[in-house]
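Structure record follows, encoded as structure tokens.
The values are calculated or read from the model by the stated rules, or taken from the named source; none is laboratory data. Keep in mind it's a predicted model, so treat the numbers as computed, not measured. Here the Cβ positions follow ideal geometry from the backbone for every residue, glycine too, while neighbour counts run over all protein chains shown.
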Amino acid sequence: MGEEERESIRAASEEVSRQFKTLINGEEVESVKQIQHLILGRLQDSNAVLAHFNEYSERCYAEVSGDFSRNTQLLKSIKSDLDHIFTKLRSMKAKLKATYPDAFPDGSATDRLDQRPDLEMPLQ
């Protein structure tokens, strides 16, 4: 590349730069920079608040996770026990019904006598 060619490229780039400068208002650029700085500050504040909340949540979870695990295990154990009890009760009822058929009314009379909800049916 010759010296003249380099000079013409430099002159062209200076002209393009000068044209771009006329398109941009310096006050508007400064205003945009101030708004961006304000938004950056707000985002940093929000980030700090979220970090603090995450630390707090982590501490709270650590405090209750043991209780939650124990209570979950207890509920599972209670459900297992109740399932066993209901199975035994159904078995005993079937044996009683076989031995004493008149002791239990037919289905329509049972509906009138026993209006308790069926605990084995899922809630809808």
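Remarks
- Entry remark, the stretch 80-96: residues being over 13 Å from Glu120 (Cβ atoms) and of a type in the set (Ser, Thr, Tyr) number 2 in total.
- When Lys88, Lys93, Lys21 are screened for being closer than 30 Å to Leu119 by Cβ, at pLDDT below 90 and among the charged types (D, E, K, R), only Lys93 passes.
- Condition check for Phe53: assigned to a helix (DSSP H, G or I), modelled with pLDDT under 95 and on the phi < 0 side of the Ramachandran plot: no
- Of the listed requirements (1) modelled with pLDDT under 90; (2) part of a helix (DSSP H, G or I); (3) surrounded by 10 or more Cβ atoms within 10 Å (Cβ to Cβ), Pro105 misses just one: (2).
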